[in-house]
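Report on the structure given below.
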Amino acid sequence: MEKALGSMAFNYRIAKEQEREIVYFNGKINEDAEVTLAELDDKVGTSCTFNLRDIAGINSLGVRVWINFIRSFEEGRTIQLEECTPEIVNQMNMIPNFRGHCDIQSVYASYACENCGAEKLQLFKVGENMPTSLGTKTLPRVPCPKCGAPMEMEELEDEFFGWLTLQ
């Protein structure tokens, strides 16, 4: 399924993996994504996971489209969000109903190396390396893939993981 969105097409692919139904989203969420998202209602069962790693961006109209979609789509369903990009996490922190009642399984955080300037996305997973609440856990060190020096999260940890207080 593909719908044209300016310079970036928004689409999805549904896969069944180990008894899980996963919807892989790709592209930019904007006002034109509404039609594509509406198509999912009849194609996904009562329990699914949305993988957001390939979302290229979201604009203000896309935020409205996403909130309306989640609000109606989650009725009678259990939804998990995985591999949320830093941009998606920022929306969850600014707009609490952005994620609806979805369970967050994993998020990417942006890291940078002060030594060599390298950048990296680090995945945080529930039950592995994601904090369970704010201020209770020091995040694991992330070594730079280029020079081996410790990298720094580009946002303050408590701000980035602020959405944890809403669970």
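The values are calculated or read from the model by the stated rules, or taken from the named source; none is laboratory data. Predicted, not measured: the structure shown is a model, and the values here were computed from it. Virtual Cβ from ideal backbone geometry, glycine too; neighbours counted across all protein chains shown.
Confirm whether SER106 is at pLDDT 95 or above, polar (S, T, N, Q) and closer than 30 Å to VAL35 by Cβ. Yes, satisfied.
Among the residues in the stretch 10-25, are any out of contact with any Lys or Arg (no Cβ under 9 Å at 6 or more places or on another chain), of a type in the set (A, V, I, L, M) and exposed (fewer than 15 other Cβ atoms within 10 Å of the Cβ)? The answer is yes; a qualifying residue exists.
Restricted to the stretch 147-167, and to residues there that are in contact with a strand residue (DSSP E or B) (Cβ under 9 Å, 6 or more places away or on another chain) and among the charged types (D, E, K, R), the residue that is surrounded by the most Cβ atoms within 10 Å (Cβ to Cβ) is GLU155. In this structure, does ASN51 turn out to be among the polar types (S, T, N, Q) and under 12 Å from the mean Cα position of the chain (by Cα)? Spelling it out, ASN51 is indeed among the polar types (S, T, N, Q) and under 12 Å from the mean Cα position of the chain (by Cα).
Comparison of ALA149, ALA109 shows that the only residue that is over 16 Å from the mean Cα position of the chain (by Cα) and either touching a residue at least 40 places away in the same chain (Cβ under 8 Å) or more than 30 Å from SER47 (Cα to Cα) (or both) is ALA149. If the condition is being part of a strand (DSSP E or B), farther than 13 Å from GLU157 by Cβ and among the hydrophobic types (A, V, I, L, M, F, W, C), then the stretch 106-142 contributes ALA112, LEU121, LEU123. Are any residues in the stretch 96-105 surrounded by fewer than 19 Cβ atoms within 10 Å (Cβ to Cβ), at negative phi and assigned to a loop (DSSP other than H, G, I, E, B), and if so, which ones? Answer for the stretch 96-105, where residues must be surrounded by fewer than 19 Cβ atoms within 10 Å (Cβ to Cβ), at negative phi and assigned to a loop (DSSP other than H, G, I, E, B): HIS101, GLN105. Tallying residues that are of a type in the set (Phe, Trp, Tyr) and loosely packed, with under 13 Cβ neighbours inside 10 Å within the stretch 29-80 yields 0. The criterion of at least 3 residues that are touching a Leu at 6+ places or on another chain (Cβ under 9 Å) and within 20 Å of TRP163 (Cα to Cα) is met by the following strands (runs of 3 or more DSSP E) wholly inside the stretch 1-85: 47-58.
Being acidic (Asp, Glu) and either surrounded by fewer than 13 Cβ atoms within 10 Å (Cβ to Cβ) or touching a residue at least 40 places away in the same chain (Cβ under 8 Å) (or both) is a property that GLU119 lacks. Any residue at all in the stretch 54-67 that's over 29 Å from ASP158 (Cβ atoms) and in contact (Cβ under 8 Å) with a residue 24 or more places away in the chain? Scanning the stretch 54-67 turns up at least one residue that is over 29 Å from ASP158 (Cβ atoms) and in contact (Cβ under 8 Å) with a residue 24 or more places away in the chain. Of all the numbered requirements in (1) of a type outside the set (A, V, I, L, M); (2) part of a strand (DSSP E or B); (3) surrounded by 15 or more Cβ atoms within 10 Å (Cβ to Cβ), GLN91 misses one, and that requirement is (2). Report yes if some residue within the stretch 134-155 is under 14 Å from ASN93 (Cα atoms) and small (Gly, Ala, Ser); otherwise report no. Among the residues of the stretch 134-155, not one is under 14 Å from ASN93 (Cα atoms) and small (Gly, Ala, Ser), which makes the answer no.
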